[in-house]
1. For region 37-69, give me each residue that is under 19 Å from Glu16 (Cβ atoms) and either among the hydrophobic types (A, V, I, L, M, F, W, C) or over 16 Å from the mean Cα position of the chain (by Cα) (or both).
2. Of the conditions (1) assigned to a helix (DSSP H, G or I); (2) open to solvent by 80 Å² or more (accessible area, probe 1.4 Å), Leu12 satisfies every one except a single condition; which number is it?
3. Residue by residue through region 17-35, note down the ones that are closer than 24 Å to Ala62 by Cα and open to solvent by 90 Å² or more (accessible area, probe 1.4 Å).
4. With the requirement that a residue be of a type in the set (Asp, Glu) and in contact with a helix residue (DSSP H, G or I) (Cβ under 6 Å, 6 or more places away or on another chain), what does region 28-69 give you?
Amino acid sequence: MYGLTVSKAWILDEMERFEEALALLRADTEVRPSEVAELLIRHGRAAEAIAGMPSLAEQHAASRRRDAAAQAARGPNDPPF
C-alpha cells in the first residue's frame, strides 16, 4: 500500500532512522521516485537524488505500462473509470 509505505518511511526518518526509511522506500516498487529523492535531499544527498530520478521518457513508458495493465484488468467491456 503506497500511502502506508511512505508514511512509515517518514516516521522512521523522524525517529532518526534514515537508512531504514530509505531502504523501505527503495524496496517498494509502487513508491514514486520523487519520494526517495525528497528524503535524500532532506539529508544533503541531492546528487544521489538526481542520479536516481528516471528520465522523462522512462516516466512516460512506466505510465503507459500502468495504463495498459489497468485496462487489461478491467476487461474490454468495462467502462474506463
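The values are calculated or read from the model by the stated rules, or taken from the named source; none is laboratory data. The structure presented is a predicted model; accordingly, all values stated were derived computationally and were not measured. Note that we place each Cβ from the backbone using ideal geometry, even for glycine, and neighbour counts take in every protein chain shown. Please note that ligands, DNA and RNA were not included when accessible areas were found on the heavy atoms of the full protein model with its side chains. Shrake-Rupley method; radii C 1.70, N 1.55, O 1.52, S 1.80 Å.
1. The answer is Leu39, Leu40, Ile41, Arg42, His43, Gly44, Arg45.
2. Exception for Leu12: condition (2).
3. Selection gives Arg26, Thr29, Glu30, Arg32.
4. Result: Asp28, Glu30, Glu35, Glu48.
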